[in-house]
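Reading through the structure tokens given below for one structure.
The values are calculated or read from the model by the stated rules, or taken from the named source; none is laboratory data. This is a predicted model, so every value here is computed, not measured. Heads up, the Cβs are rebuilt from the backbone with ideal geometry, glycines too, and the neighbour counts pull from every protein chain shown.
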Amino acid sequence: MAIANEICRMDAVTLAAKLRRRELSPVEVVEAALARMATLEPSLHAFCTPTPELARAEARRIERELVAGGPAGLLAGVPVSIKDLILTAGIRTVFGSAAYENFVPDEDDVAVERLRAAGAIILGKTNVPEFGYSGTGHNAVFETTRNPWNLALTPGGSSAGAAAAVATGVGPLAVGSDGGGSVRIPASFCGLYGFKPSFGRIPLYPGARDERYVGASGWESIECYGPITRTVADAALMTSVMAGPDMRDRHSLPKADFDWMEALQGDLKGVRIAYSRTLGYAPVEPEVIRVVDEAVKVFAHDLECIVEEADPGWKDPARDFMGVVIAETDLAGMRRMADELGDRMSPHLADLVRNPWTAEDLTNAVMGRKALVNRMWRFMQRYELLLTPTLAVPPFPILMQGPDKIAGRLTRAWSWIPFTFPINLTGQPAASVPAGFTRDGLPVGLQIVGRHLDDPMVLRASACFEAAHPWREQWPPIVKELGL
């Protein structure tokens, strides 16, 4: 047990190096991860479709290749989990919907292809809300995913199971997707690092691009895939494997003109940073502001940045964001699905697609997005980074879409994610780093936003903050309680 626990606490960079040197075998690494999964799943429900036998078979195959001295991929033998909105050939992919309860794809998403080619071993699919149209972790098909810091609370979403798995050491790597914050939200709620690369860095196909998949095929101009990890270096390594152009995604960017791992090097001395507590309009819980204020002081004092308090200057773009989402949703297909599923579709999703959206709603959203993008690039001419809280609240109870009140103000269901979705509208790179904890011991995230296409600066800033304010050895209570 002690050796297995040690393996599960290793970061992916360390694990990959030990596997290449044959100091560890893929079989013992996978067995350690699967044993931990078996112990935690009755409480956590991170995995909706575990694949233990497939993982064991792949571990044996990779071990044979390593023993024979064959070429080892960057992630050879390293366990990874795949969010259940991302297609996996031969592995059930449900999208959190009763409509796809028994669906098994015949092709991998591009990101999954690349992870497999690099030797990563899939432990299973992680739980999501229905089609990802929520920042939480419950659906009508599977057990509700719990936050490992407090099992009565949500881990966030939509990459809910992905974050719960990594937070408890069931594999060091998880693939998430982020259309409005779905990598950064659960990273914040679970005390992890979540990286949303620039829009187009990691190709999306077929999950968000193929008309065959009603409900799953949407959000084309705002969605990104990204890693959820315990360390910044792990996220950079994983992104280096998944990133790069692919003809199946017309939005995919050319090969990066930088090295993902080298981007972590360097300091931040003299870097100009804007810090916005509220974006000028959002209610934010005082405990969140307290924790994030302390984290921002690290940039000003320890990292010698020039930090100024400043708001970008736009109005709340929530309605514009929802208009863009609806414009990129198969609305006719989703309405038919809502009628067919009845009460087996999540009520908030059924209400959303049945809303009488007008042409003006959608064109107003397009115009609002253009205005936001223009305000952002003008604002970012003065600053290399923007810091905000990742979320307006700490984790809240499961089976909610969001709190009714924030900082004493009545709010809408989406009011708790005011900082994440605007960055999907602009397409900029952003990350959530663990900022600290509330007085109740719940994680709070700090969002780091870079200029257009400046992924290296976001990674460098994240790495510098991690070195000055380390978090990797902070494990949730359930890990300690179960002796893991």
The correct count of residues that are crowded, with 20+ Cβ neighbours inside 10 Å and in contact with a Phe, Trp or Tyr (Cβ under 7 Å, 6 or more places away or on another chain) in region 373-391 is 5
Taking first residues from region 322-333 that are touching a residue at least 24 places away in the same chain (Cβ under 8 Å) and closer than 21 Å to P418 by Cβ and second residues anywhere that are basic (K, R) and in a helix (DSSP H, G or I), the pairs with Cβ under 7 Å that are 6 or more apart or on different chains are V324/R369
Answer residue from region 17-29, given it is assigned to a helix (DSSP H, G or I) and among the hydrophobic types (A, V, I, L, M, F, W, C) and is surrounded by the fewest Cβ atoms within 10 Å (Cβ to Cβ) among those: A17
Matching residues in region 314-357 (of a type in the set (K, R), assigned to a helix (DSSP H, G or I) and either within 27 Å of R277 (Cβ to Cβ) or touching a Pro at 6+ places or on another chain (Cβ under 6 Å) (or both)) number 1
Looking at region 181-188, can you tell me whether even one residue there is of a type in the set (S, T, N, Q) and within 22 Å of G77 (Cβ to Cβ)? no
In region 61-78, which residue that is outside any loop (DSSP other than H, G, I, E, B) and of a type in the set (V, I, T) is surrounded by the fewest Cβ atoms within 10 Å (Cβ to Cβ)? V67
Being surrounded by 15 or more Cβ atoms within 10 Å (Cβ to Cβ) and charged (D, E, K, R) narrows it down to one of E294, E304, E223, so name that one. E223
Is region 227-249 home to any residue that is surrounded by fewer than 22 Cβ atoms within 10 Å (Cβ to Cβ) and acidic (D, E)? yes
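This table checks each residue for (1) among the β-branched types (V, I, T); (2) at pLDDT below 95.
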| site | (1), (2) |
| --- | --- |
| Q381 | no, no |
| G408 | no, no |
| R412 | no, yes |
| I448 | yes, no |
| R451 | no, no |
Listed by first then second residue, the pairs whose first member lies in region 243-256 and is within 17 Å of P429 (Cβ to Cβ), whose partner is in a loop (DSSP other than H, G, I, E, B) and of a type in the set (F, W, Y), with beta carbons under 8 Å and at least 6 positions apart or on separate chains, are A243/W260; H251/F199
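The rows are residues; the columns are (1) modelled with pLDDT of 95 or more; (2) farther than 18 Å from P129 by Cβ.
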{"residue": "P317", "(1), (2)": "yes, yes"}
{"residue": "M322", "(1), (2)": "yes, no"}
{"residue": "V325", "(1), (2)": "yes, no"}
{"residue": "A332", "(1), (2)": "no, yes"}
{"residue": "A338", "(1), (2)": "yes, no"}
{"residue": "D343", "(1), (2)": "yes, no"}
{"residue": "S346", "(1), (2)": "yes, no"}
{"residue": "L349", "(1), (2)": "yes, no"}
Would you check which residues across region 407-433 are assigned to a loop (DSSP other than H, G, I, E, B), among the polar types (S, T, N, Q) and within 17 Å of the chain's Cα centre (by Cα) and list them? T420, Q428
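Per-residue answers, yes or no, for (1) surrounded by fewer than 17 Cβ atoms within 10 Å (Cβ to Cβ); (2) modelled with pLDDT of 95 or more; (3) among the hydroxyl-bearing types (S, T, Y); (4) assigned to a helix (DSSP H, G or I):
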{"residue": "M10", "(1), (2), (3), (4)": "no, yes, no, no"}
{"residue": "L15", "(1), (2), (3), (4)": "no, yes, no, yes"}
{"residue": "R56", "(1), (2), (3), (4)": "yes, yes, no, yes"}
{"residue": "A59", "(1), (2), (3), (4)": "no, yes, no, yes"}
Does V366 meet the test of being outside any loop (DSSP other than H, G, I, E, B), farther than 29 Å from Y100 by Cα and among the β-branched types (V, I, T)? yes
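One line per residue, one yes/no per condition, for (1) in contact (Cβ under 8 Å) with a residue 40 or more places away in the chain; (2) farther than 26 Å from L153 by Cβ:
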| position | (1), (2) |
| --- | --- |
| A59 | yes, yes |
| G73 | yes, yes |
| I82 | yes, no |
| T88 | no, yes |
| V104 | no, yes |
| E107 | yes, yes |
| A111 | yes, yes |
| E130 | yes, no |
| S134 | yes, no |
